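Just so it is clear, none of the values below were taken in a lab; they were calculated from the coordinates. From a predicted model like this one, the values you see are computed outputs, not experimental measurements. With ideal geometry, Cβ positions are generated from the backbone for all residues, glycine too; neighbour counts draw on all protein chains shown.
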Amino acid sequence: MVAPGTALREGMDNITHARTGGLIVIGEPEDISFMFSGGIKIDVEYTPALLYQLAKMDGAIVLSADGSRILWANVQLMPDPTILSTETGTRHRTAERVSKQTDALVISISERREVVSLYLEGMKYILQDIPTVLSKANQGLATLEKYRARLDQVSARLTALEFEGGGVLYDVLSVLQRAEMVTRMATEVERYIIELGAEGRLIEMQLEETVVGVMAERAARVRDYGVEDSDASSDAVLTALGALSHQDLLDFGRLAELLGFDRKMNTLEYPVTPRGYRALGRIPRLPRLVAQRIIQRFGGLDEILAASDADLASVDGVEEALAKDVREGLRRLQEVDLVDRYLQS
């Protein structure tokens, strides 16, 4: 609502640059009217210019929950004085108490420091100027690109080992770790994009290009190598993976435990083979349900690779043409993997 490019942000910027200060409350009037004292009820359509003019008065300005109308102006807010506040200024202390006492979004604009503070449910966030946020977003994007490059390297190595039958648990955990690091950095950049609003469109396009396919690949790897093969188990692993602290994410023993393995095992020596969810998921026009049936029928990628067209066609839902498509698709994946390794070398 307050990102650059919105009408509300334009009005806030006008108040900030004029150094008049202001207190803006956005919420349902029936939920916050009990703390009103005095004020002028106007109930008119919101415009940035009108917000700026009304901010010249000392009291608070009350907007509708969607910010489309200005309901009250020059209102003295009387929140519960017993509510603890860590703020020192009168305007900011009032804003914090109102946010703790109601569900409203409260915006406090400092008169002298040109600082805009947002309060919601007692939480405080200070808006930063666009150049600062843009710089942080670009730094985050550069870090994300490095993380993605490393993820592609370890993922390509694991793919090669999958087709050769020489993968170990360490390789799987390396891919999961890197995929989660990419996901977390992408989330950090997304926060900057939200704050940039209209100014963050180019950053958003670069972010989408950088993280394309990461979430699906991460989920497929978990399904391929988790001890238990089910949608519920896969979702539980992904949830637990996202909740790990950064320190635990670096602990391969903890990652192995999430997949259902003994955390004390030597991951460098424990051989693993994929079920084939990722490989089959990359074959065009192969329904997910049919892919699951193929995996349940053969048990793993090695067995699927060794199966004939007739063997594949014996699976429910797999016709002769689709069986050929599956075999041809897996063969192309092997060829693409060989080409990628040749180019990287």
- Item | Radius, Kirkwood style, for segment 275-331 when every pair of distinct Cα atoms is counted (Å) | 10.7
- For the pair ASP302 and SER245, the simple spin-label estimate (label points 7 Å beyond Cα toward Cβ) gives in nm 3.9
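Taking the highest mean first, how do the peptides 252-264, 216-228 order by number of other beta carbon atoms within 10 angstrom per residue?
Numbers: 252-264: 16.6, 216-228: 19.7.
By packing density, highest mean first, the sequence is 216-228, 252-264.
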- Cross-link reach from LYS100 to aspartates and glutamates, straight Cα distance under 19 Å and at least 8 residues apart if same chain, gives GLU28, GLU30, ASP31, ASP80, GLU87, GLU121
- Query: Roughly speaking, what is the centre-to-centre gap between segment 224-266 and segment 1-33 when only Cα atoms are used, to the nearest Å?
  - Reply: 45
- Message: Step by step: find N for segment 62-147, compute 2.2 N^0.38 Å, then divide the Cα radius of gyration by it. What's the final number?
- Response: 1.38
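With Kirkwood's inverse mean 1/r over C-alpha pairs for Rh, give me the Rg to Rh ratio of segment 169-319, two decimals please.
On the way: Rg = 18.0 Å, Rh = 17.2 Å.
Reported Rg/Rh (Cα atoms, Kirkwood Rh): 1.05.
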- Task: Specify the inter-centroid distance of segment 45-93 and segment 277-334, based on alpha-carbon positions, in whole Å.
- Result: 62
- With x for Gly and Pro, the residue-by-residue ³J(HN,Hα) of segment 299-314, computed from phi through the Karplus equation 6.51 cos²θ - 1.76 cosθ + 1.60 at θ = phi - 60° and given in whole Hz, is x, x, 5, 4, 5, 5, 5, 7, 6, 8, 4, 5, 4, 5, 5, 6
- Item | Pair-distance profile P(r), taking every C-alpha pair of the chain, with 20 angstrom steps and integer % | 25, 37, 27, 11, 0
- Computed over the Cα atoms of segment 196-248, the Rg and Dmax in Å are 15.2, 45
- If you average 1/r over every pair of different alpha-carbon atoms in segment 1-52 and take one over that average, what Kirkwood value in Å do you get? 12.5
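If each residue's Cβ is checked for other Cβ atoms within 10 Å, how do ARG278, ARG332, ARG69 rank with the fewest at the top?
On the way: ARG278 25, ARG332 12, ARG69 15.
Ordered from fewest to most neighbouring Cβ atoms within 10 Å, ARG278, ARG332, ARG69 come out as ARG332, ARG69, ARG278.
Go through 195-208, 77-90 and give me the packing order, highest mean Cβ count within 10 Å leading. Let's see the in-between values first.
Values: 195-208: 16.4, 77-90: 12.4.
Order by mean packing, descending: 195-208, 77-90.
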- ILE42's amide H: which non-local residues (gap 5+, or another chain) put their own amide H closer than 5 Å, with H modeled 1.01 Å from N in plane and none for Pro or chain starts? TRP72, ALA73
